[in-house]
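Structure record follows, encoded as structure tokens.
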Amino acid sequence: MERNIGFKERRYIEELRILTKSTALDCVIDDRFDRVIYVIRPGDMGLAIGKKGDNIRRLANVLGKRIEMVEFAETPDTFITNIFKPAEVSAVEHPQEDGPVNVYVRQKSDLGIAIGKAGCNIEKARLLCRRFYGLDVGEVLLAPLEAV
């Protein structure tokens, strides 16, 4: 998938690199939810977050926006699982070839976490999946008991 990174995004990625010594593959500025979403190189997540989240707090103070981080993965299913963390995703279903994918969570309490306040987490998943894999995320559903 082709991604265009503008000047502002490059500046934010460089700011992350300077403050945390970690590498971001991409940066999305989401004005709707007033946040910056970083896609972090696999293995750099702990470095990016910092001890007790110090790096995220410092970066949020510098940029003046809420910071969210997602660890990149080579496969779409693993990437989707990373996007919805800390909710525990049990399955990612691809019903049709070019249709939206459905995400199943194990517990009812994870459903609210996966959707997020005002749908911010599911919107993050839609943005990133379209940007990296050309996939649409459909619904977040509770996994049937026999599938758990």
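The values are calculated or read from the model by the stated rules, or taken from the named source; none is laboratory data. A quick note: this is a predicted structure, and the numbers were derived from the prediction, not measured. Positions of Cβ are generated from backbone atoms using ideal geometry, with glycine treated the same way; all protein chains shown enter the neighbour counts.
If you go through region 80-100 and pick out every residue that is of a type outside the set (Asp, Glu) and out of contact with any helix residue (DSSP H, G or I) (no Cβ under 7 Å at 6 or more places or on another chain), you end up with 8. As a summary of the residue check, VAL92 satisfies the conditions (1) in contact with a Pro (Cβ under 9 Å, 6 or more places away or on another chain); (2) touching a residue at least 24 places away in the same chain (Cβ under 8 Å) except for the one numbered (2). Of all the numbered requirements in (1) surrounded by 14 or more Cβ atoms within 10 Å (Cβ to Cβ); (2) under 17 Å from the mean Cα position of the chain (by Cα), THR20 misses one, and that requirement is (2).
Kindly check whether there is at least one residue in region 67-82 that is free of Cβ contacts under 8 Å to residues at least 12 places away in the same chain and under 16 Å from GLU139 (Cα atoms). Taking every residue of region 67-82 in turn, at least one turns out to be free of Cβ contacts under 8 Å to residues at least 12 places away in the same chain and under 16 Å from GLU139 (Cα atoms). Output yes when any residue across region 24-33 is at pLDDT below 95, farther than 18 Å from LEU128 by Cα and either surrounded by 12 or more Cβ atoms within 10 Å (Cβ to Cβ) or touching a helix residue (DSSP H, G or I) at 6+ places or on another chain (Cβ under 6 Å) (or both), and no when none is. Within region 24-33, not a single residue is at pLDDT below 95, farther than 18 Å from LEU128 by Cα and either surrounded by 12 or more Cβ atoms within 10 Å (Cβ to Cβ) or touching a helix residue (DSSP H, G or I) at 6+ places or on another chain (Cβ under 6 Å) (or both).
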